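**Student:** I have a structure here, written as structure tokens, and I will follow up with some questions on it.
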Amino acid sequence: MSNTTNTTTSGNQTLTVSLGERSYPIFVGDVGFSDPAKLANGIAPFIKGNQVAVITNETIAPLYLQQILAALGNRQVDVFQMQDGERYKSLDTYTQVMDFLLEKKHNRSTCLIALGGGVVGDLCGFVAATFQRGVDFIQVPTTLLSQVDSSVGGKTAVNHPAGKNMIGAFYQPLAVFADISVLTTLPDREYAAGLAEVVKYGIIYDADFFTWMEDNAQALAQRDEAALTHIITRSCEVKAAVVSEDEREGGRRAILNYGHTFGHAIEKLLGYGRLLHGEAVSIGMVMAARLSVEFSGLPLEDCQRIEKLLQQLNLPVTLEGLALKSEDMIEAMGMDKKVVDGELRFVVADQMGTVRVAADVSIVALEKTLAEFC
Ligand SMILES: NC(=O)c1ccc[n+]([C@@H]2O[C@H](COP(=O)([O-])OP(=O)(O)OC[C@H]3O[C@@H](n4cnc5c(N)ncnc54)[C@H](O)[C@@H]3O)[C@@H](O)[C@H]2O)c1
Ligand SMILES: [Zn+2]
């Protein structure tokens, strides 16, 4: 299946995620946060009924809710503001949103709008998937991570005390509106964490894109608008291409987990919240590159390029000061959900832009890699 991208004269990009009848557009660039009429024109074709519920949080509402409300016109619009934080991506909040929608008498033709980062998007998506057996929803992602990763691919979920994203559904939005102007208010660490996933797309799929990021690292670190439009579009194209091949993660989609087996182990050992997910993945991607040098012949020079680019984007690349032990990492990885039939699966790079899932990485190679970090 192909994914097409069109550029408009304003430099905006429209990309289509091709999933048959569940295909949907992603609008990237200036989608109208500075111009309610433009945003209204963009959103209107996707709202079929007269009811809309905006799900957002207490941090984002004061910054961007007004722009969305101004674009929604005379419809019945109800706003649910959740508390900010991963721990509110819960069944408890899910129930509160369900109660709210029923209390406000939303029906099957309502449209939900997720205004926020991945937490709001994942929760709102799961509500949309299940409210009255499924209603329309639109994603308005406001973090870099949600613009390049969580709003593409249709995974929706809430957490359970026993694990992250344990309750969820595959459910695609009708459209995604990724406005780059909202990224100006994003805290530095959150911004850099989003860039980690962007670098990942270069490593797993597109060596030229990786080189482009090396050449434009400074512009990226400074949140240059043209650079942002480019990386968000290319990231969505890559994720959409991978997801189109494998919507429900039967195989190929697993390459999106590059750096994540290590990254998840780091997050788990440090306790969720100490490092941001993207920061842990940044270190994990360097570890995966080292393992790839050892295991699958990735040139050492490419491993060093990965490390250098992540550093230039203000991301951590070592475990310095984190006091993690190699044995603990291995144990934590043994518990990782990517263990299939007792085999530990790693995404390894053969060369820049080409990766594969390897089930036969030896414990010796793994220990050797970890020894360089722990
Ligand atoms: N569905 C998927 O495929 C997928 C993929 C990756 C991650 N995720 C999920 O995404 C979540 C993480 O998403 P995230 O990194 O966007 O975190 P987040 O939603 O917690 O947002 C990060 C912080 O930035 C704030 N924020 C959001 N937009 C802002 C803006 N424009 N200006 C200022 N502050 C802003 C938020 O309020 C929050 O405090 C996790 O729950 C993860 O499981 C899902
Ligand atoms: Zn990730």
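**Student:** For the stretch 202-210, indicate whether the set of residues that are assigned by TED's automatic domain parsing to the domain that holds residue 353, within 16 Å of ligand 2 (Cβ to nearest atom) and among the aliphatic types (A, V, I, L, M) is non-empty.
**Tutor:** Yes: one or more hits.
**Student:** Next question. Would you point out the residue of the stretch 130-163, among those that are on the phi > 0 side of the Ramachandran plot and under 12 Å from the mean Cα position of the chain (by Cα), that is surrounded by the fewest Cβ atoms within 10 Å (Cβ to Cβ)?
**Tutor:** Checking each candidate, the answer is 154.
**Student:** Out of the helices (runs of 4 or more DSSP H) lying entirely within the stretch 282-374, which hold 3 or more residues that are more than 24 Å from residue 216 (Cα to Cα)?
**Tutor:** Helices (runs of 4 or more DSSP H) meeting the threshold: 326-334, 363-371.
**Student:** Quick check on this structure: which one of 239, 268 is closer than 26 Å to residue 185 by Cα, basic (Lys, Arg) and within 16 Å of ligand 1 (Cβ to nearest atom)?
**Tutor:** Just a single option satisfies the conditions, and that option is 239.
**Student:** Additional query: Is one or more of the residues making up the stretch 69-89 without any contact (Cβ under 8 Å) to a residue 40 or more places away in the chain, away from ligand 1 (no atom under 16 Å from the Cβ) and among the acidic types (Asp, Glu)?
**Tutor:** Scanning the stretch 69-89 turns up at least one residue that is without any contact (Cβ under 8 Å) to a residue 40 or more places away in the chain, away from ligand 1 (no atom under 16 Å from the Cβ) and among the acidic types (Asp, Glu).
Conditions tested, residue by residue: (1) within 16 Å of ligand 2 (Cβ to nearest atom); (2) outside the structural domain of residue 218 (by TED's automatic domain parsing); (3) out of contact with any strand residue (DSSP E or B) (no Cβ under 6 Å at 6 or more places or on another chain).
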| position | (1), (2), (3) |
| --- | --- |
| 256 | yes, no, yes |
| 279 | yes, no, yes |
| 299 | no, no, yes |
| 313 | yes, no, yes |
| 322 | no, no, yes |
| 328 | no, no, yes |
| 349 | no, no, no |
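**Student:** Quick test for you: out of 284, 263, 273, pick the one residue that is within 16 Å of ligand 2 (Cβ to nearest atom), of a type in the set (Gly, Ala, Ser) and either over 21 Å from the mean Cα position of the chain (by Cα) or under 12 Å from residue 199 (Cβ atoms) (or both).
**Tutor:** Only one candidate qualifies: 284.
**Student:** Which members of the stretch 213-265 meet the condition of being outside any helix (DSSP H, G or I) and surrounded by fewer than 24 Cβ atoms within 10 Å (Cβ to Cβ)?
**Tutor:** Residues satisfying the conditions are 216, 222, 223, 224, 246, 247, 248, 249, 250, 251.
**Student:** Tally the residues that are away from ligand 2 (no atom under 13 Å from the Cβ) and of a type outside the set (S, T, N, Q), restricting the search to the stretch 128-161.
**Tutor:** 16
**Student:** Let me ask you something else. Residues that are at pLDDT below 95 and more than 12 Å from ligand 1 (Cβ to nearest atom): does the stretch 274-281 have at least one?
**Tutor:** There is at least one residue in the stretch 274-281 that is at pLDDT below 95 and more than 12 Å from ligand 1 (Cβ to nearest atom).
**Student:** Here's something else I'd like to know. Could you count how many residues in the stretch 177-203 are outside any helix (DSSP H, G or I) and either of a type outside the set (Gly, Ala, Ser) or closer than 18 Å to residue 311 by Cβ (or both)?
**Tutor:** Residues meeting the conditions: 4.
**Student:** Condition first: within 16 Å of ligand 2 (Cβ to nearest atom), closer than 24 Å to residue 39 by Cβ and in contact with a helix residue (DSSP H, G or I) (Cβ under 6 Å, 6 or more places away or on another chain). Now tell me which residues in the stretch 162-200 satisfy that.
**Tutor:** Selection gives 191, 194.
**Student:** Here's another thing I want to ask about it. Scan the stretch 248-263 residue by residue and report those that are within 12 Å of ligand 1 (Cβ to nearest atom) and out of contact with any Lys or Arg (no Cβ under 8 Å at 6 or more places or on another chain).
**Tutor:** Matches in the stretch 248-263: 249, 253, 263.
The values are calculated or read from the model by the stated rules, or taken from the named source; none is laboratory data. Keep in mind that this is a model prediction, so the values were computed, not measured. Cβ sites come from the backbone with ideal geometry, for glycine too, and all protein chains shown count toward neighbours.
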